[in-house]
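Some notes on the structure that comes next.
The values are calculated or read from the model by the stated rules, or taken from the named source; none is laboratory data. Just so we're clear, the structure is a prediction, and the values are computed from it rather than from any experiment. Cβ atoms come from the backbone with ideal geometry, glycine included; neighbour counts cover every protein chain shown.
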Amino acid sequence: MSKASPDSSKPTSIKVAAAQLVAHSLDQAKDALAEIEAAVVRAAEQNVDLLVLPECAYPAYLLGSAKDYRSAKKLKSKAFIKTLSALAKTHELHVVCGFVDDSDKQLRNVAVIIDTDGKEVGRYAKTFLWGTDNDYFEPGDTLTPFDTALGRIGVLICADGRAPEIATGLANQGAQLIVVPTCWVNVAPGKDGYHNPQAEFMIEGRASECGVPIVAANKCGTEGDTKYCGMSQIVGADGTQIAIAPPDEPALITGEITLGRPNEIEIPRWSRRRIFNQYEPILPNRDELGTVKIAVAPASCVFPESESETSVPLEELAADGTHIVGTSLPDPETADRLDIYCRALGMSLIGFPFVERLMIESFGACGCVESDHIASFAPMRIMALDGAAIVFVAGAEVSLPLLRTRAAENCIYIAAASENAAVLIDPTGTVIDRTQDSKPRIITAEIDLRLSADKEVYPNTHIWEQRKPELYAKAFSIEATSATEKAS
């Protein structure tokens, strides 16, 4: 195998695997190591080029405290890396594995890449800390992909996938593949069922926006009181799922992926100062928000092709108590006329071709984005940082996983309308309603905009507090600005 990284302009196919392992507690480090060794052997038997293992596959994810970790019976990180390197060399495959790095005074949640010679190519420390991560891990401070004999590989760990700046920052630096060692927690209500937004749609959304394949390896089972959701997966560069593991049992999934050139990540100049600086985000004002009735209307329902076609008249929507109408409009003149008419009926009309900006309406702050611009996280990110409770997307139909990702990464509502389709998504990325057949219809629903004011997605995990704008600025080769600098 060539030791030089292949030309990113020439697509390269490789066989990858994600090993979904049973979760083990800190006092079961010996068992965790045995399962890692077994996974490497199984992957080698299937002629895999690259194996991805979960976050903190060794010795465990839930440490209790740094003191508990240091007093536990387990290999120190240096000895673990030596063992992992020997496995990779013996079985002649690249290995990516999450582990607890204790080589410094502070513990870090780290993933390492080992090549077929058993050499460490690089290691990445998690930057977006989740829940109990904050109790004993120091966040990472670098965001750079690594050159390997297989290609240029970017690494992110679990909750890193919730910040769009991280994955796109890796793609911007030429990552041809993103690997995700993870411990996706099962957040489904009740004892039955499995739910996690990253596993269900965000990995697909990240792959399609970056234009690179993603390999994610999760745990299954329980660790202490924490239950994992499994669903390790391999996703192609277009966001298509190639393979997925079950939610509740160990598995080794494999797939062929193609490494090529990542998408060009568009960060408009006007958006850079807001995204890559330390200015305080503006939270939606909960006291000024409340429950509203919204209608999301495909353009063909507002402007039927013939008088004989049935549609829901604006007068009927107003009589039914509708506060907001979101739709896709054909031109500015029509938008102006319809806006005046809706306001006369006591409703707010939101839809392109209005200017893409934050607007203050009677129901709260909202934004409007043309569908062509959803591929970039920047426009919607800025609106969310400036306090938008809901963003309307108008134009062509947009990939549902990407729309759900935009809602969840910003904790905002999204209403999207095209010529014949409509969808309404809540701040967790859950689809409230959508058109699913060939016959267009208007979606109506009661939504509580106060939910957009809650940016804590998990105990001790606030999406704005975990942002690291200076780190992201470096990934995009943009000079960061501090909170004390004046906007130009």
What pairs come up if the first residue lies in segment 348-366 and is without any contact (Cβ under 8 Å) to a residue 12 or more places away in the chain and buried (at least 17 other Cβ atoms within 10 Å of the Cβ), the second is among the acidic types (Asp, Glu) and assigned to a strand (DSSP E or B), and their beta carbons are under 6 Å apart, counting only those six or more places apart or on different chains? none
Among the residues of segment 23-60, which ones are at negative phi and surrounded by fewer than 17 Cβ atoms within 10 Å (Cβ to Cβ)? Asp27, Lys30, Asp31, Ala34, Glu37, Ala38, Val41, Arg42, Glu45, Gln46
Selection from segment 427-442 of residues that are surrounded by 21 or more Cβ atoms within 10 Å (Cβ to Cβ) and at pLDDT 95 or above: Pro427, Gly429
Pairs, please: C-beta under 8 Å, at least 6 apart or cross-chain, first residue farther than 14 Å from Ile294 by Cα and in segment 437-450, second assigned to a loop (DSSP other than H, G, I, E, B) and among the small types (Gly, Ala, Ser)? Pro440/Ala421; Arg450/Gly290
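Residue-by-condition table, conditions (1) closer than 23 Å to Gln20 by Cα; (2) surrounded by fewer than 18 Cβ atoms within 10 Å (Cβ to Cβ); (3) in the same structural domain as Pro181 (by TED's automatic domain parsing); (4) in contact with a Pro (Cβ under 7 Å, 6 or more places away or on another chain):
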| site | (1), (2), (3), (4) |
| --- | --- |
| Leu87 | yes, no, yes, no |
| Thr90 | yes, yes, yes, no |
| Gln106 | no, yes, yes, no |
| Val110 | yes, no, yes, no |
| Ile113 | yes, no, yes, no |
| Trp130 | yes, no, yes, no |
| Tyr136 | no, no, yes, no |
| Ile153 | yes, no, yes, yes |
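Given the structure, is Ala207 assigned to a loop (DSSP other than H, G, I, E, B) and either crowded, with 21+ Cβ neighbours inside 10 Å or at pLDDT below 95 (or both)?
Values: assigned to a loop (DSSP other than H, G, I, E, B): no; either crowded, with 21+ Cβ neighbours inside 10 Å or at pLDDT below 95 (or both): yes.
Spelling it out, it is not the case that Ala207 is assigned to a loop (DSSP other than H, G, I, E, B) and either crowded, with 21+ Cβ neighbours inside 10 Å or at pLDDT below 95 (or both).
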Answer yes or no: is there a residue in segment 319-330 that is of a type outside the set (Lys, Arg), out of contact with any helix residue (DSSP H, G or I) (no Cβ under 8 Å at 6 or more places or on another chain), under 16 Å from Ser300 (Cα atoms) and surrounded by fewer than 22 Cβ atoms within 10 Å (Cβ to Cβ). no
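Only one residue in Leu129, Leu107, Leu170, Leu150 is touching a residue at least 60 places away in the same chain (Cβ under 8 Å) and farther than 30 Å from Pro11 by Cβ. Which one?
Details: Leu107 fails: touching a residue at least 60 places away in the same chain (Cβ under 8 Å); Leu170 fails: farther than 30 Å from Pro11 by Cβ; Leu150 fails: farther than 30 Å from Pro11 by Cβ.
Among Leu129, Leu107, Leu170, Leu150, only Leu129 is touching a residue at least 60 places away in the same chain (Cβ under 8 Å) and farther than 30 Å from Pro11 by Cβ.
Going through Ile374, Ile360, Ile340 one at a time, which residue ends up being in contact with a Leu (Cβ under 7 Å, 6 or more places away or on another chain) and modelled with pLDDT under 95?
Details: Ile360 fails: in contact with a Leu (Cβ under 7 Å, 6 or more places away or on another chain); Ile340 fails: in contact with a Leu (Cβ under 7 Å, 6 or more places away or on another chain).
After ruling out the rest, the residue left standing is Ile374.
Which residues, taken from segment 16-69, are among the acidic types (Asp, Glu) and free of Cβ contacts under 8 Å to residues at least 40 places away in the same chain? Even if it seems obvious, please write down each step before you answer.
Of all residues in segment 16-69, those among the acidic types (Asp, Glu) come to 27, 31, 35, 37, 45, 49, 55, 68.
The answer is Asp31, Glu45.
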